[in-house]
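Let me begin by presenting the structure, written as structure tokens, before commenting on it.
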Amino acid sequence: MRHILKTVLLGQMLSLFICGTAVTSQYLAEQYQVNTPMLQSFINYVLLLLVYTTILAFRTGDDSLLKILKQRWWKYLFLGLADVEANYTIVKAYQYTTLTSVQLLDCFGIPVLMALSWFILRARYRLIHFIAVAVCLLGVGTMVGADILAGRQDSEGSDVVIGDVLVLLGASLYAISNVSEEYIVKNLSRVEFLGMVGLFGTIISGLQLAIVEHRDIMRIQWNWKIALLFAAFALCMFGLYIFMPVVIKVTSATSVNLGILTADLYSLFFGLFLFYYKFSGLYILSFVIIMVGFILYCSTPTQTAEPTAMPQPHSTGLDNAGLKLEENDNQMPVVTVQFTRDESVVVSTD
């Protein structure tokens with residue numbers, strides 16, 4: 001119970017960080033007509049670069065920055081690209097499709113994440129895990145129903161098909177990024193993950209920012225309120241990135257993604273005061289359903305499949321005569337096996 005409570009609290013902390021990024025982005029868009037998702041992500045990657053990439057730069061040995069780049073730079077380039085484009089495509093999808101479609105289709109990342117964890121991380125699920133995921137998705141469906149009843153489904157968008165495809169693509173890229181993150185933090189280190197994502201994320205988002213958002217940035221009428229909202233977004237995103245590896249190491253990427261399904265509900269509660277949303281009792285019900293599914297998932301740990309053992313040879317010829325013999329007790333003599341030029345075997349004991 002202590003582990004489950006700790007997991008629930010950590011998951012909800014991540015949801016609050018995501019809520020902070022959503023509320024600040026929406027406030028910038030609605031109050032100041034500022035739509036610059038790549039600039040906002042770029043600031044976060046720069047913060048990761050300044051903190052964690054710098055730490056790697058001062059390290060020596062196998063976990064130094066140069067050694068990591070030499071051994072696996074192309075892997076982190078792929079990871080950085082997936083992470084940057086996941087953030088961009090989900091935000092971009094809101095311009096084409098409805099909030100309801102984004103909330104529903106974004107859940108596509110959970111089965112993709114479970115499939116990748118099965119093949120890459122060798123995670124093995126039980127029946128209770130699939131039931132828990134189904135319960136969480138039922139909670140999301142309840143939340144979407146509450147949005148429709150409260151009139152938050154928004155307009156149809158300019159091109160629903162493009163928006164839906166962007167959501168599916170973003171959810172899949174998030175799954176790739178999260179599985180890679182789980183592998184790195186559990187087998188390498190959290191600092192390495194954050195440092196390399198900061199490095200390649202800064203490069204990729206910086207180039208993309210210069211190409212697709214330079215005109216939008218030029219149109220921003222900067223003042224202290226806009227600057228404060230950008231700073232709040234950057235701090236929330238930075239907090240999300242530095243704490244998520246900690247939570248993933250304690251649990252798993254799938255568990256984290258189930259826990260942060262409540263982020264939309266926290267955003268709604270803030271929206272009741274900031275954007276005057278209509279309240280529905282179904283929101284409370286959806287929160288309870290998601291939390292029940294999340295706790296159910298965390299109640300039973302997943303298993304890890306053991307790698308298939310290589311078959312051992314059964315022959316007992318000369319090739320096996322040099323195998324090391326295991327001692328059954330301390331009185332067993334040490335056996336030395338030597339081969340002479342004419343293939344005879346000389347055995348001596350100490």
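Read-outs throughout are calculated quantities, based only on the coordinates presented, and are distinct from any laboratory measurement. Remember, it's a predicted structure, so these values are computed and weren't measured experimentally. A quick note on method: Cβ atoms are made from the backbone with ideal geometry, for glycine too, and the neighbour counts reach across all protein chains shown.
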Listed peptides 58-69, 174-185, 42-53 by packing density, highest first (mean Cβ within 10 Å): 174-185, 42-53, 58-69
Mean projected area (nm²) of the alpha-carbon convex hull when the range 1-115 is viewed from all directions: 10.6 nm²
Relative packing of 252-258, 162-168, 119-125, which averages over residues the other C-beta atoms within 10 Å, highest first: 252-258, 162-168, 119-125
Spacing of the two label points (7 Å from each Cα toward its C-beta) at Val160 and Lys249, in nm: 4.5 nm
Most to least packed among 214-223, 197-206, 135-144 [average Cβ atoms within 10 Å]: 197-206, 135-144, 214-223
FRET efficiency for Ala134 and Glu30, using Cβ-Cβ distance with R0 set to 41 Å, rounded to 0.05: 0.75
